[in-house]
Amino acid sequence: MLYRENGQFKTSYRADQQVFPILQDRVAIWGLVLLAIVAVPLVAPEYLFRAILIPFLILSLAALGLNILVGYCGQISLGTGGFMAVGAYAAYNFFVRVDGMPVVVAILMGGVCATVVGVLFGIPSLRIKGLYLAVATLAAQFFTDWAFLRIKWFTNNSSSGSVNVAGLNVFGFPIETPAQKYLFCLGFVLVFALIAKNLVRSHIGRSWMAMRDMDVAAAVIGIRPVYAKLTAFAVSSFFVGVAGALWGFVHLGSWEPAAFNIDRSFQLLFMVIIGGLGSIMGSFFGAAFIVILPIVLDNLTVALGFDTALAAHLTFMVFGALIVFFLIVEPHGLARLWSTAKEKLRLWPFPH
Amino acid sequence: MGFFLETLIGGLMSGMLYGLVAIGFVLIFKASGVFNFAQGAMVLFAALAMARFSEWAPKLLGLDSKLIANLIAFVAAMAVMVLVAWLVEKLVLGKLVNQEGITLLMATLGITYFLDGFGQTIFGSDIYKIDVGLPKDPLFLLESTFQGGILVNKEDLYAAVIAAALVVALSIFFQYTATGRALRAVADDHQAAQSIGIPLSRVWVIVWSVAGFVALVAGIIWGSKLGVQFSLSVLALKALPVVILGGLTSVPGAIIGGLLLGVGEKLSEVFIGPMVGGGIEIWFGYVVVLIVLLVRPQGLFGEKIIDRV
């Protein structure tokens with residue numbers, strides 16, 4: 001009854017092309033955004049920001065980037081952690097070496113550097129694909145892991161190997177309290193989600209999807225594989241690089257290469273699979289799920305009286321089982337469940 | 001020169017072990033078209049089972065012969081691996097018939113996580129040792145030619161012999177038996193193989209069991225050398241470039257790729273490493289593979305990839 005598009009006539013091309021064509025969706029999204037900007041910072045306790053909200057926002061930005069590559073363009077990548085590291089360390093270098101560098105610019109420059117590295121490691125995708133490419137992208141992961149650990153220049157010759165940033169501020173507003181950090185990340189995520197949504201609706205997004213569905217056929221109908229694949233790598237690594245810079249600057253504050261190791265890559269891939277391959281919404285669902293699940297499992301096992309080692313193993317098992325479960329039962333992930341629910345709601349209360 | 005040869009031989013030996021893990025990947029890919037990311041987890045799982053069973057068997061049965069304890073443990077561990085193979089087919093692969101390679105790859109990623117967690121839950125997560133009586137004493141070769149001779153580990157020699165025997169046996173199995181042909185047919189096209197009467201589920205159980213067997217052998221050799229612990233599953237990440245370098249469908253390619261990367265890794269670490277800060281073993285294999293793939297996208301010995309619309 002409440003969720004129905006009856007009577008919402010579109011009288012202009014513009015109205016037909018909106019991101020959310022149904023009025024109720026628009027209202028809900030604006031409500032959600034207002035809630036996130038205004039209400040959450042007022043009421044949420046500090047623990048919630050530190051443990052859930054900030055990691056959720058940053059990881060969903062990274063998942064968004066990975067989803068563009070894996071979900072929309074079909075180029076499976078296991079090197080996401082490496083691109084995050086490139087973003088973080090490049091942003092660090094810009095921030096530390098250039099006097100008076102604004103934080104936002106440094107973070108975006110981190111994204112630009114990640115783009116360059118991403119395109120570089122994306123070049124093999126023109127020759128190889130599928131499984132071979134998945135292994136080839138691991139090269140990016142291991143190489144960056146090593147480079148940031150061993151090459152002192154990247155860490156500004158820090159003796160301990162870890163780097164840290166402090167005193168962040170945007171136009172004079174400090175980013176110190178968890179609520180300020182949260183709002184800072186939220187700003188990035190909102191802008192980038194809008195960009196991503198519009199990119200995948202555009203001709204670039206359609207060429208990505210054609211590449212994903214059948215690359216030879218796409219090439220035959222006139223989509224340039226070089227352009228489609230490399231733009232996917234570029235956009236994806238830019239998002240991932242910005243997320244990496246945020247992860248280092250805002251969430252961790254001080255970090256070392258282990259923060260972006262191969263487990264991070266797998267974690268992001270799981271977010272994309274469980275959330276929904278080829279869905280912007282799904283990236284957020286997946287990130288929320290994977291950020292919250294370990295916390296829930298930890299509390300559950302502790303409440304049941306198990307020790308922490310067992311809790312860690314259980315988390316492993318649940319992750320593994322969930323991935324298999326989603327691949328079998330709902331390959332399009334939580335996002336598909338969400339859209340099915342919406343379909344049902346449209347027909348409710350008469351299911352025919 | 002003696003040092004160079006020693007490095008070379010050390011590289012060959014560790015390359016042999018990479019190759020052994022890589023065979024497991026190749027077997028499953030060749031026989032079912034699944035890129036089995038879980039091979040490393042299977043090695044860890046098999047080795048854990050072996051180590052724990054050989055510890056438990058004497059206590060339960062009151063025996064004190066190490067040989068019998070090891071035999072029992074080996075049979076039991078093999079039984080566990082067959083059970084794993086059967087469950088994987090029943091619960092995962094059977095439901096993903098005719099899906100794309102990438103979906104199957106991600107499913108094995110899920111299996112990896114599950115096996116890692118499950119293995120450590122039931123078998124514990126400490127460092128265990130496997131002692132199957134492989135000789136540990138070093139051997140000195142060519143002592144008259146070089147000062148001090150060349151140090152070779154006897155254990156490594158045994159490992160090399162076992163690996164070579166496995167390769168020969170598996171190659172014959174794939175090339176000349178009816179089952180081997182059925183396995184290759186399934187790899188080409190699940191649906192077509194099924195439609196001419198090849199029992200898909202049985203083929204999958206067979207091939208995962210064989211891969212489990214290879215994992216068990218690899219696990220025993222690595223385990224008796226370094227002890228069984230979680231880091232063993234990282235081995236799979238070492239074996240990945242090996243598989244790709246050799247070509248996904250070639251069993252001898254896995255061994256040759258293993259040897260090449262093993263040697264390359266050791267030599268580069270010793271001779272190039274100090275110039276750039278060391279630790280380049282971690283990425284050396286991957287970067288070599290990346291370069292090789294740009295020239296030969298199917299790896300050194302893989303079948304040519306043909307695209308059709």
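Key figures for this structure:
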read-out: Solvent-accessible area lost in complex, 30 Å² minimum, residues of the stretch A:269-296 relative to chain alone, 1.4 Å; value: A:F270
read-out: Alpha-carbon centroid distance for the pair the stretch A:296-350 / the stretch A:261-281, whole angstrom; value: 14
read-out: Prolate/oblate/rounded label for chain B (Cα gyration tensor, a/c 1.5); value: oblate
read-out: Computed accessible area, A:D213, all protein chains, 1.4 angstrom probe, square angstrom; value: 110
read-out: With DNA, RNA and ligands ignored, accessible area of B:W86 (1.4 Å probe; Å², nearest 10); value: 120
read-out: Helix-only mean residue ellipticity at 222 nm for chain B, each DSSP H run of n ≥ 4 adding -39500 (n - 2.57), per residue, nearest 500; value: -24000 deg cm²/dmol
read-out: Neighbour-limited loop hits for chymotrypsin sites (Phe, Trp or Tyr not before Pro), the stretch A:161-232 (at most 12 other Cβ within 10 Å; DSSP other than H, G, I, E, B); value: A:F171
read-out: FRET efficiency, 1/(1 + (r/R0)^6) with R0 56 Å, evaluated for B:L300 and A:V296 via beta carbons; value: 0.75
read-out: Whole-Å semi-axes of chain A's equivalent ellipsoid (Cα gyration tensor); value: 32, 26, 23
read-out: Two-decimal Rg to Rh for the stretch A:3-110 - Kirkwood Rh, Cα set; value: 1.09
read-out: Over 30 Å (Cα to Cα) - which of B:K30/B:K238; A:K10/A:K342; B:K66/B:K238; B:K154/B:K238; A:K229/B:K304; A:K129/A:K197 fall in this group; value: B:K66/B:K238
read-out: Global size of the stretch B:228-267 as Cα Rg and Dmax, reported in angstrom; value: 10.8, 30
read-out: Cα pair distances of the stretch B:1-130 binned at 5 Å [whole percent]; value: 2, 9, 15, 18, 16, 14, 11, 8, 5, 2, 1, 0
read-out: Convex hull of the stretch A:127-268 built on C-alpha atoms - directionally averaged projected area, nm²; value: 10.8
read-out: Inverse of mean 1/r across different Cα pairs in the stretch A:265-341, Kirkwood, Å; value: 12.8
read-out: Distance between modelled label sites at A:F20 and B:K59, nm, 7 Å Cα→Cβ extension; value: 6.0
read-out: Per-bin percent of Cα-Cα distances, the stretch B:193-291 [10 Å]; value: 14, 33, 32, 14, 5, 2
read-out: Amide N proximity, the stretch A:316-345 versus A:L304 label position 7 Å along Cα-to-Cβ, cut-off under 18 Å; value: A:316-323
read-out: Ranked order, B:K304, B:K90 - accessible area, probe 1.4 Å, largest first; value: B:K304, B:K90
read-out: The stretch A:1-145 - percent of accessible surface contributed by carbon and sulfur, probe 1.4 Å; value: 71
read-out: Share of carbon and sulfur in the accessible heavy-atom surface of the stretch A:164-218 [1.4 Å probe, %]; value: 66
read-out: Share of carbon and sulfur in the accessible heavy-atom surface of chain B [1.4 Å probe, %]; value: 67
read-out: Mean accessible surface per residue for the stretch B:130-273, computed with a 1.4 Å probe while every protein chain stays in place, in Å²; value: 42
read-out: A:I175 long-range amide H proximity, modeled H, under 5 Å; value: A:L168, A:N169, A:V170
read-out: Semi-axes of the equivalent ellipsoid for the stretch A:127-207, Cα gyration tensor, largest first, Å; value: 31, 28, 9
read-out: The stretch B:27-81, Cα convex hull volume normalised per residue, Å³; value: 73
read-out: For B:F35, residues with placed amide H under 5 Å, excluding near neighbours; value: B:L105
read-out: Spin-label pair A:V216/B:F230, simplified geometry with 7 Å Cα→Cβ offset, distance in nm; value: 4.4
read-out: At R0 = 51 Å, FRET efficiency that the Cβ-Cβ distance of A:A166 and B:N98 yields, to 0.05; value: 0.40
read-out: Hz values of 3J(HN,Hα) by residue in the stretch A:32-38 - Karplus curve (6.51, -1.76, 1.60), Gly and Pro given as x; value: 4, 5, 4, 4, 5, 7, 9
read-out: Coordinate range along principal axes, alpha carbons of the stretch A:200-352, Å, largest first; value: 60, 53, 27
read-out: Mean accessible surface per residue for the stretch A:115-157, computed with a 1.4 Å probe while every protein chain stays in place, in Å²; value: 39
read-out: Heavy-atom SASA rank of B:K95, B:K154 (probe 1.4 Å, accessible area, largest first); value: B:K95, B:K154
read-out: Rel. contact order, % - alpha carbon contacts under 8 angstrom, at least six apart, chain A; value: 29
read-out: Quarter of the Cα convex hull surface for the protein assembly as shown, i.e. its orientation-mean projected area (nm²); value: 35.7
read-out: Derived scalar couplings ³J(HN,Hα) [the stretch A:239-252; Karplus, 6.51 cos²θ - 1.76 cosθ + 1.60; whole Hz; x for Gly, Pro]; value: 4, 5, x, 4, 4, x, 4, 5, 4, x, 5, 9, 7, 8
read-out: Per-residue ³J(HN,Hα) for the stretch B:160-165, Karplus 6.51 cos²θ - 1.76 cosθ + 1.60, θ = phi - 60°, Hz, x for Gly and Pro; value: 5, 5, 4, 4, 4, 4
read-out: Surrounding net charge for A:S162, when Lys and Arg each add one and Asp and Glu each subtract one, Cβ distance under 15 Å; value: 0
read-out: Cut-off under 5 Å, modelled amide H: who pairs with B:L139 long-range; value: B:V152, B:N153, B:K154
read-out: Exposure of A:D99 as accessible area (Å², to 10), given a probe of 1.4 Å and all protein chains; value: 150
read-out: Estimated buried accessible area (total), pair A and B, 1.4 Å, Å² to nearest 100; value: 4100
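The values are calculated or read from the model by the stated rules, or taken from the named source; none is laboratory data. In this text the structure is predicted, and so the values were computed from the model without any measurement. Counting neighbours? That spans all protein chains shown, and the Cβs are built from the backbone with ideal geometry, glycine included. Side chains included, ligands, DNA and RNA excluded: accessible areas come from the protein's heavy atoms. Shrake-Rupley method; radii C 1.70, N 1.55, O 1.52, S 1.80 Å.
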